[in-house]
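The values are calculated or read from the model by the stated rules, or taken from the named source; none is laboratory data. For clarity, every value in this text was computed on a predicted model and none was experimentally measured. Cβ atoms come from the backbone with ideal geometry, glycine included; neighbour counts cover every protein chain shown.
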Amino acid sequence: MNDEESRPLLAGEDNGQTVQDRTEQDAYLKKVKNGKLYLATLAAVLGPLSFGFVLGYSSPAIPDLQRSPDQRLRLNAEEASWFGSVVTIGAGLGGLLGGWVVERMGRKLTLMFCAMPFIFGFTIMIAAQSHWTLYVGRILTGVASGVTSLVVPLYISEMAHERVRGTMGSCVQLMVVTGIMGAYIAGLFQGWRWLAITCAIPPTVMLMFMCFMPETPRYLLSRGKRREAEEALRFLRGPHAPVEWECDRIEEASRDEEGCFRFADLKDPGVYKPLGVGVMMMLLQQFTGINAIMFYAETIFEQAHFKNSDVASVVVGATQVVFTAVAAFIMDRAGRKVLLVFSGVAMCVSEIVFGVYFKLSTMKHGNSSLLEALDGPQGGTPPGDLTWLALASMGVFITGFALGWGPTPWLVMSEIFPTRARGFGSAICVLTNWTCAFIVTKTFQNLMDLLTSAGTFWMFSGLCALNVIFTIFFVPETKGKTLEEIQAHFKRTHYR
């Protein structure tokens, strides 16, 4: 069955209309030039790059601050934990703020606005003279990260056409992991203050570049600005594309989407169904155990005789970058659901193996603590074959996460909401993601004490299996479909 036959019908159209519309769409897209679309995407994804630097900053900065000769800045273990995790609190607040701002200021101005707390936050950390100034700087960069994680996927999805939207949208997560790796690499050569200066460069460049980029056509049309929307489309599609046709198509499909979001709209299946899918995807993404794997990555590398844990972090970051890039390349070919299912299965199997590794380690050393099991009761190491089993399962897990459950929830979030509910729905999804990230991070040790190390990872494995089931039955395939077609799907009972 070809794509035209399998495409879901819009309300009120017959199969003849579908073929005709698809023919017109193909003729239109043949005249489209993507050069300036790629340029606008590059400017926007400097935001996720900045976000990645924020996430990666704490790993090299915390050891420096723990060894600081200045008593006012030296961090103990508890203070270091808060320095690392307080970003998630700021990001949750940023998600809520972003949902409000993005509907009132627009996508472009919101993206420019979020560069400021990035820059101010890192500036405060550069000049920090106390623990509290460090925390304030981290919270500000967290707020900026929360806004960025909401607005950039929306900006890209509303600019890009259906043939490249998956690849462009996947660049968000690609730039996040690139920023994390960049912070790790810079941290090999720079102290924490100079590292903060380096981290402030991407948002500064983004602020300058975004001055020359357009607002999204869909946002402009939702505000009745037809002329400005056509100008934006001419910039994004090139001079030869008949952009009036695309404007007409968006307006026709969005006639019932006029006005601002109201809570009464939650009764509309076109709103509450995508909201349920988006929230569940964000929750399940965090409950894959990604933070647990990353938390013990350096320890596992050390036990495999990779004594330089800083370099090990770079290796982990590089693995994420490579396979997130692969996901971006194949997203519009393989489809979202295929990658999500493959990713969930890979993570499920790898965490089962992790649990077996920890179980065998604790049986050998008679100890229920992971760290003690790894170190051994007399400071020994587990057998080499077991350690390499852990290394292999960690590699499979990171690869699986990067291919599916890393980038895809953010992409799907940007595609599924109707225009009037896009800010509200995305804000709830972002808040869910960061709240779950904070909960998992702060309660992980408690789970280990309650369930043991093996039991904790087997629990995460079960949740990864739930990811697969949820994907198969509830996540729609959005590959090759316009945003209007995706939204029409949620208004129907059955998906064909």
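Values as computed for the structure displayed
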| quantity | calculated |
| --- | --- |
| GLN71 in a loop (DSSP other than H, G, I, E, B) and either modelled with pLDDT of 90 or more or over 27 Å from VAL316 (Cβ atoms) (or both) | yes |
| Tabulated pairs, the stretch 193-213, first touching a residue at least 12 places away in the same chain (Cβ under 8 Å), second crowded, with 16+ Cβ neighbours inside 10 Å and not in a helix (DSSP H, G or I), C-beta under 7 angstrom, 6+ apart or interchain | THR198/GLN190 |
| Search result, residues across the stretch 1-28 that are surrounded by 12 or more Cβ atoms within 10 Å (Cβ to Cβ) and at pLDDT 80 or above | TYR28 |
| In the stretch 396-413, the residues that are free of Cβ contacts under 8 Å to residues at least 60 places away in the same chain and surrounded by fewer than 24 Cβ atoms within 10 Å (Cβ to Cβ) | VAL396 |
| Every residue from the stretch 414-459 that is under 18 Å from GLY355 (Cβ atoms) and either aliphatic (A, V, I, L, M) or surrounded by 24 or more Cβ atoms within 10 Å (Cβ to Cβ) (or both) | VAL440, LEU447, MET448, LEU450, LEU451, SER453, ALA454, THR456, PHE457, MET459 |
